[in-house]
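A.B. asks: Dropping a structure here in structure tokens format, bear with me for questions.
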Amino acid sequence: MKRLPTGLTDERDRMDEPVGSRDETRYETDIKKEYANDQIVVSWEPAYCIHAADCLNGLPAVFDPWRRPWVAVDAASADEIAEVVMRCPTGALHFQRLDGGDQEPEPEDRTVQLRPNGPLFVRGKIRIEDASGHLIREDTRVALCRCGGSGNKPFCDGTHRTIGFRSGPSRSSGP
């Protein structure tokens, strides 16, 4: 079984394997890394990344966890990179176009998708506040914990994989 540097295994087993140590300094909430060329800036906030691997599977020439830096913005067009970044379900990846291309859109509708044995993926204009009304995060994509074990609540940190969280059977949508 191939192990990725993030602690994940390859696609076959990634949902059942631990995501590695979340105690690393790279997972602190104020860390934001940027990868840029003259067309696009890709930002990555590791604290919100749960290694869903949509970026790795969508554009492996750009997103490669074995390489440093792991994001190579010169390996594809800005349009291709923007398209794949928008697939990131957690909002850990974002982009800014410098070449006049379309910026990240703000979805008009809000959607909540329950992931089997995993988090809630929320898309739309999202504002999360604590009990005192202080802003925690504003974003267009977040992954919220539903296993109760996250060390980054209310956000998912992948703990559901290590504790064996199971969401139960799916409900049918008909009468």
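The values are calculated or read from the model by the stated rules, or taken from the named source; none is laboratory data. Computed from a predicted model, the values in this text were never measured in an experiment. FYI the Cβ positions are ideal-geometry reconstructions off the backbone, even for glycines, and counts take in every protein chain you see. Please note that ligands, DNA and RNA were not included when accessible areas were found on the heavy atoms of the full protein model with its side chains. Shrake-Rupley method; radii C 1.70, N 1.55, O 1.52, S 1.80 Å.
A.B. asks: Look through region 127-167, keep the residues that are small (Gly, Ala, Ser) and surrounded by 14 or more Cβ atoms within 10 Å (Cβ to Cβ), and return whichever of them is modelled with the lowest pLDDT.
C.D. replies: The extreme case among them is 167.
A.B. asks: List the number of the failed condition for residue 107; all other conditions in (1) out of contact with any Pro (no Cβ under 7 Å at 6 or more places or on another chain); (2) modelled with pLDDT of 95 or more; (3) within 18 Å of residue 143 (Cα to Cα) hold.
C.D. replies: (2)
A.B. asks: Determine if region 114-123 includes at least one residue that is closer than 30 Å to residue 36 by Cβ, open to solvent by 40 Å² or more (accessible area, probe 1.4 Å) and within 18 Å of the chain's Cα centre (by Cα).
C.D. replies: yes
A.B. asks: Which number in (1) outside any loop (DSSP other than H, G, I, E, B); (2) within 19 Å of residue 45 (Cβ to Cβ) marks the one condition that residue 162 misses?
C.D. replies: (2)
A.B. asks: Can you confirm whether residue 79 is modelled with pLDDT of 95 or more, acidic (Asp, Glu) and either over 15 Å from the mean Cα position of the chain (by Cα) or open to solvent by less than 40 Å² (accessible area, probe 1.4 Å) (or both)?
C.D. replies: So residue 79 fits the description; yes.
A.B. asks: Sticking with this structure for a sec: Can you name the residue in region 32-44 that is touching a strand residue (DSSP E or B) at 6+ places or on another chain (Cβ under 8 Å) and in a loop (DSSP other than H, G, I, E, B) and, of all such residues, is surrounded by the most Cβ atoms within 10 Å (Cβ to Cβ)?
C.D. replies: Residue satisfying both the conditions and the ranking: 39.
A.B. asks: Could you look through region 54-69, keep only residues that are in contact with an Asp or Glu (Cβ under 8 Å, 6 or more places away or on another chain) and either open to solvent by 30 Å² or more (accessible area, probe 1.4 Å) or modelled with pLDDT under 95 (or both), and pick out the one that is nearest to residue 151 (Cα to Cα)?
C.D. replies: Within region 54-69, the match that is nearest to residue 151 (Cα to Cα) is 56.
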